[in-house]
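Every number here is computed from the coordinates shown, using simple stated rules; none is lab data. Computed from a prediction, not measured in an experiment: that's the story for all the values here. Backbone-built Cβ (ideal geometry, glycine too); neighbour counts: all protein chains shown.
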Amino acid sequence: MIIRSVRFHIATTLKTLQFPLYYPLILDSLKKRNFEITAMPPPAQPFGVRIYLGGRIAHKGECSVILNPDKKIIACEGLSVSNTVKCFHELLEICRDDFNIGDQEFDYYEILSRYIVKPEKNPLKMIGDKDWGDLYNRVSNILGVKLHPYVISFVVAGRSPRDKKWLDIRIYPDPALPDMLGVEVIYREENMAKVISFVEKLEENILKIINVLEE
């Protein structure tokens, strides 16, 4: 079985009343750490007005730095999980060292990741051959056609997508690549150590889940 990361996004939301990473200080901090700036200089503003940059403002290698001042989000995104996590750690160091943001000001962390996986079995057959119980038989009878799931989703019991702790794993046949599975993961947690532990085991656990589906 082959697994490949095609998108990895890791972010944190700040509790601060005012977003502290404003122009030009944030660009100066990134430059000092050898990030390449991609943001265009904003138009001049009256004295006393803080200027905030949003979107992809810099990158190091294939990892982008993304800011959303309105939602107080700082993030890194790339293809490589390890490189993106490393970039994110550098961004957190900038927050601590250059902007005096203590760890207590990081509200929660969120991971958005997407993989493609080549399983041993055909994805459509793998899902269609499983016994999905009475629900799909009853809906099949209503519509007059045999149905089975296409997207399989696993979420944490007893939690809501609005919670600061959340997990959603979705597995589906990739529409553009018939022999591949798409896997999308959303993970949200308040403790950074738990986030790193989850990331370290993520690809291994995805393969274990697909092995169960192939049985």
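Observations on the structure shown:
- Mean residue ellipticity at 222 nm, helices only, the chain: -10000 deg cm²/dmol; runs of at least 4 DSSP H residues each add -39,500 (n - 2.57), and the sum is divided by the number of residues.
- Put the Cα centre of segment 69-97 next to the Cα centre of segment 1-63 and the gap is 9 Å.
- Student exercise, segment 69-142 dipole from Lys, Arg, Asp, Glu Cβ charges, in Debye to nearest 20: 640
- Debye equation applied to the C-alpha atoms of segment 2-214, log10 I(q)/I(0) at 0.15 Å⁻¹: -0.98
- The convex hull around the C-alpha trace of segment 10-61, projected and averaged over every direction, spans 4.6 square nanometres.
- Placing a pseudo-label 7 Å from each Cα along the Cα-to-Cβ vector at Arg96 and Lys164 gives an inter-label distance of 1.9 nm.
- For the chain, with +1 on Lys and Arg beta carbons and -1 on Asp and Glu, the positive-most of Gly78, Ile37, Val145 along the dipole: Val145
- A simple rule links phi to the HN-Hα coupling: the Karplus curve 6.51 cos²θ - 1.76 cosθ + 1.60 with θ = phi - 60°, which for segment 140-155 gives 4, 5, 5, 8, x, 8, 5, 10, 8, x, 10, 9, 9, 10, 10, 10 Hz, with x for Gly and Pro.
- Charge dipole magnitude, Cβ of K and R +1, D and E -1 - segment 2-214, Cα centre, debye nearest 20: 300
- 3J(HN,Hα) along segment 24-34: x, 4, 5, 5, 4, 5, 5, 4, 4, 9, 6 Hz, from the Karplus curve 6.51 cos²θ - 1.76 cosθ + 1.60 with θ = phi - 60°, whole Hz, x for Gly and Pro.
- Rounded to 10°, Cα long-axis angle of helix 192-214 versus longest principal axis of the chain: 20
- Taking 0.36 nm per residue of separation and subtracting the current Cα-Cα distance, fully stretching the chain between Val6 and Asp129 would add 41.5 nm.
- Backbone amide hydrogens, once placed in the peptide plane, bring Ile51 within less than 5 Å of Tyr23, excluding anything fewer than 5 places away on its chain.
- The chain: Cys lacking any partner C-beta under 4.7 angstrom: Cys95
- Theoretical FRET efficiency, 1/(1+(r/R0)^6), r = Cβ-Cβ of Ala157 and Gln45, R0 45 Å, to 0.05: 0.35
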